[in-house]
């Protein structure tokens, strides 16, 4: 089994599996945060419910952190080997029917920026200013207030929009690629899978984008 | 007829004396090229001119010139086998190019495919992948009666489509990671679909993937460049098939045991 994990094929399974965890996470994270568009109390109560469930939070955070570390380190090791395998780039890049998508060729660039985003995002929110509010008699963190504070600053909004668009490309390729890596791809699925991956990416990123844009343009 | 008018082209060709020497681009004019000529016939004519001048002609691989042997292939403007889909360079015709076009010709780029001279690369890494498991070990004798081994039509179709791979190396050349996943998977998939090949499919998947990695090819990142460049349009589903064959074989690997008989 060690040979499997070291092989190029085995590491594709690792990339796919860890990517799959984060594909699920971004969808759930987006869906939950949509509450900000409807009610600040509901949004705060939802956040409070998550952090109150300590065992679940611990498991979720551990799984997310570990899968992220494995995803990033495996990507780095594969990228180093892949660059070594291609001795030199061509003088001319392909065009037309033999060209490939920008998203598929630049997963490393997108991933690197998304990683920076995740770190800064945690500093901004999880470890950011701690305001308090009371919802239904329970004292809890007022994350909505922090969110309104952050997303009224144009610089933050632009940074979020850029990173979310990169996430959209990353997902559009990753969601599609995971089926091939796992060996689920069949001839009749090929066209539909690409569409499915784009729809998934657009739902996740569209939902996420609506949150800072709502705060910036409508809420204030 | 307008489209029969000869065209003039400028070629920027990679010239390299041998594996260890440095290479460089050299420009040549291809004059009054017939649109009916194949790309290699055009290069033959350019080489005639080079020879007349007393210089060394451009080296390139070729054999059958019918698109079935897998010998030819290099990059034309960054496209493996040129701009037309499902075509080898020998079957690419000059009607695909416009008068006055400048074409950049480069050899396949991959660490596992060292340049031998000009546009020729050493593709013996592919031979070693085949030697590691791309065969069946039974002595089949003369051809058996076709209907004595029933194979479902969809399986036979998939096997035939995978078997169409001619091992030209365009998949590796077009891949930004120089991955040999499409080539290796076509061989694994071709034999795994057939009862004659299925017996050894686990060992084959393990050995061929190990050899592919050992040769220094990169990993697949599913860009699809390989399948788009493939003159035989080998599908990416072969890579999916290889991955699941390899996973299953890794989990269920059996060992030879003492007392099992001489076999």
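The values are calculated or read from the model by the stated rules, or taken from the named source; none is laboratory data. As the structure is a prediction and not an experimental result, all values here were calculated from the model. Don't worry about glycine lacking a Cβ; one is built from the backbone with ideal geometry, like all the others, and counts go over all protein chains shown.
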Can you pull out the residues in region A:115-144 that are in a loop (DSSP other than H, G, I, E, B) and more than 15 Å from residue A:156 (Cα to Cα)? A:127, A:129, A:130, A:131, A:136, A:137, A:142
So residue B:61 passes all but one of these: (1) assigned to a loop (DSSP other than H, G, I, E, B); (2) out of contact with any strand residue (DSSP E or B) (no Cβ under 8 Å at 6 or more places or on another chain); (3) touching a residue at least 40 places away in the same chain (Cβ under 8 Å); (4) within 23 Å of residue A:90 (Cα to Cα). Which condition number does it fail? (2)
Scan region B:17-37 and give yes if some residue there is surrounded by 13 or more Cβ atoms within 10 Å (Cβ to Cβ), within 14 Å of chain A (Cβ to nearest Cβ) and either out of contact with any strand residue (DSSP E or B) (no Cβ under 6 Å at 6 or more places or on another chain) or within 24 Å of residue B:166 (Cβ to Cβ) (or both), otherwise no. no
Any idea which of (1) touching a residue at least 40 places away in the same chain (Cβ under 8 Å); (2) within 18 Å of residue A:188 (Cα to Cα); (3) out of contact with any helix residue (DSSP H, G or I) (no Cβ under 6 Å at 6 or more places or on another chain) is the one residue B:162 doesn't satisfy? (3)
Name the residues in region A:134-178 that are free of Cβ contacts under 8 Å to residues at least 40 places away in the same chain and within 14 Å of chain B (Cβ to nearest Cβ), would you? A:176
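Residue-by-condition table, conditions (1) assigned to a loop (DSSP other than H, G, I, E, B); (2) buried (at least 20 other Cβ atoms within 10 Å of the Cβ); (3) in contact with a strand residue (DSSP E or B) (Cβ under 6 Å, 6 or more places away or on another chain); (4) without any contact (Cβ under 8 Å) to a residue 60 or more places away in the chain:
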{"residue": "B:13", "(1), (2), (3), (4)": "no, yes, yes, no"}
{"residue": "B:42", "(1), (2), (3), (4)": "no, yes, yes, yes"}
{"residue": "B:70", "(1), (2), (3), (4)": "yes, yes, no, no"}
{"residue": "B:82", "(1), (2), (3), (4)": "yes, yes, yes, yes"}
Based on this model, can you work out whether residue B:232 counts as in contact (Cβ under 8 Å) with a residue 40 or more places away in the chain, surrounded by fewer than 24 Cβ atoms within 10 Å (Cβ to Cβ), more than 11 Å from chain A (Cβ to nearest Cβ) and under 19 Å from the mean Cα position of the chain (by Cα)? yes
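This table checks each residue for (1) more than 9 Å from chain A (Cβ to nearest Cβ); (2) touching a helix residue (DSSP H, G or I) at 6+ places or on another chain (Cβ under 9 Å).
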| position | (1), (2) |
| --- | --- |
| B:137 | yes, no |
| B:141 | yes, no |
| B:153 | yes, no |
| B:156 | yes, no |
| B:174 | no, yes |
| B:187 | yes, yes |
| B:212 | no, yes |
Matching entry among A:79, A:74 (being within 22 Å of residue B:112 (Cβ to Cβ), touching a residue at least 12 places away in the same chain (Cβ under 8 Å), under 18 Å from the mean Cα position of the chain (by Cα) and surrounded by 13 or more Cβ atoms within 10 Å (Cβ to Cβ)): A:74
Those residues of region B:84-130 which are within 13 Å of another protein chain (Cβ to nearest Cβ) and free of Cβ contacts under 8 Å to residues at least 12 places away in the same chain, in sequence order: none
Hey, residue A:181 under 23 Å from residue B:243 (Cβ atoms), out of contact with any helix residue (DSSP H, G or I) (no Cβ under 6 Å at 6 or more places or on another chain), part of a helix (DSSP H, G or I) and at the interface with chain B (Cβ under 7 Å from one of its Cβ atoms) or not: no
Which numbered condition residue B:238 misses (of (1) touching a residue at least 60 places away in the same chain (Cβ under 8 Å); (2) farther than 24 Å from residue B:87 by Cα; (3) part of a helix (DSSP H, G or I)): (2)
Can you tell which of A:60, A:91 is at the interface with another protein chain (Cβ under 9 Å from one of its Cβ atoms) and either within 15 Å of the chain's Cα centre (by Cα) or surrounded by 13 or more Cβ atoms within 10 Å (Cβ to Cβ) (or both)? A:91
Residues being within 19 Å of residue A:176 (Cα to Cα) and either modelled with pLDDT under 95 or assigned to a helix (DSSP H, G or I) (or both) - total across region B:186-235: 4
Here are some residues: A:112, A:104. Which one is more than 9 Å from chain B (Cβ to nearest Cβ), assigned to a helix (DSSP H, G or I) and either free of Cβ contacts under 8 Å to residues at least 12 places away in the same chain or closer than 30 Å to residue B:86 by Cα (or both)? A:112
Report, by residue number, each residue of region B:170-185 that is within 11 Å of the chain's Cα centre (by Cα) and either farther than 11 Å from residue B:219 by Cα or part of a helix (DSSP H, G or I) (or both). B:170, B:171, B:172, B:173, B:174, B:182, B:183, B:184
